[in-house]
1. In region 107-131, what residues are farther than 20 Å from residue 97 by Cβ and among the polar types (S, T, N, Q)?
2. Taking into account only those residues within region 11-54 that are among the charged types (D, E, K, R) and farther than 27 Å from residue 96 by Cβ, which is modelled with the lowest pLDDT?
3. Go through region 41-130 and tell me which strands (runs of 3 or more DSSP E), entirely inside it, have 2 or more residues that are among the hydrophobic types (A, V, I, L, M, F, W, C) and open to solvent by 20 Å² or more (accessible area, probe 1.4 Å).
4. Filter region 131-141 for residues that are free of Cβ contacts under 8 Å to residues at least 24 places away in the same chain and open to solvent by 90 Å² or more (accessible area, probe 1.4 Å); which is farthest from residue 90 (Cα to Cα)?
Amino acid sequence: MSSRAAPRLLRLQRHLGPQEGSSMEPTDSPLTTHVLDTASGLPATGLCLRLSWLEDHSQQWMELRTSYTDPDGRCPGLLMPDQMKAGTYKLTFDTEGYWRKRGQESFYPYVEVVFTITSNAQKFHVPLLLSPWSYTTYRGS
């Protein structure tokens, strides 16, 4: 294997997930996200994101956590198992800041993904595929 291919292979293996019997998420969070920069084909490293929860009575968003994606584009430990409760949550991704750091103009200043958690016994994965001109998200596994 060439010296140029080896780092790409390691990055791809990390992206695809842990080997059987190992854990990618050190905190075993019930809520995870993964951001991929589809323009470069690499994980979106250092992207700022905020997790918020919609309070039932006031219908106001309460920020729970601000974090940044790691070198693999993941954000482990967004929500601890004892913090998980049914309700409406929002992940806000600072896409403008991410693209600006790369000297790239972009169309969307931020991306908000609003989703509902109905059972605190399940795990939820919210991936974001991102380019300067588009984005896609889905409920992952």
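The values are calculated or read from the model by the stated rules, or taken from the named source; none is laboratory data. All figures in this text were calculated on a predicted structure; none of them were measured in a lab. Virtual Cβ from ideal backbone geometry, glycine too; neighbours counted across all protein chains shown. SASA here: full protein model, heavy atoms, side chains in, ligands and nucleic acids out. Shrake-Rupley method; radii C 1.70, N 1.55, O 1.52, S 1.80 Å.
1. Within region 107-131, 116, 118, 119, 120, 122 meet the criteria.
2. Across region 11-54, the extreme among qualifying residues is 20.
3. 48-54, 61-68, 111-117
4. Step by step, filter region 131-141, then rank; the result is 141.
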